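Reviewing the structure listed below.
Each value in this text was obtained by applying a stated rule to the coordinates, not by laboratory testing. These numbers come from a predicted model, not from an experiment. So basically every Cβ, Gly included, is an ideal-geometry build from the backbone, and we count neighbours across all protein chains shown.
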Amino acid sequence: MDRASIQPASRVTLSGEACVMRIFVQLTRALRYIHSMKSLHLDIKPQNLFLVRSHIKVADFGLVKDLEGFSAAVTGGWSGQ
């Protein structure tokens with residue numbers, strides 16, 4: 001992979017609603033995959049998102065919570081249903 005083709009997402013100028021929506025969809029799919037692996041990325045920010053040939057890549061997994069065997073109780077707030 002050519003280093004020139006990798007740019008931090010925070011330095012990319014987005015133009016057009018369709019482009020923004022495409023990147024948003026890619027990011028949500030990436031997060032859905034990470035969550036399906038029973039992990040939680042705790043440091044999502046523009047500096048940890050890279051645009052590689054029109055695809056978003058999530059980086060910096062230093063702050064990842066392993067959810068395998070983890071259980072939590074909701075004591076208040078919105079449950080999403």
message = I want to make sure I understand the PRE zone here: with the label point 7 angstrom from the Cα of LEU63 toward its beta carbon, which residues in the range 20-45 have backbone N atoms less than 12 Å away?
response = 41-45
inquiry  = Quick one: 3J(HN,Hα) in Hz for the range 61-66, Karplus 6.51/-1.76/1.60 with θ = phi - 60°, rounded, Gly and Pro as x.
reply    = 8, x, 10, 10, 9, 7
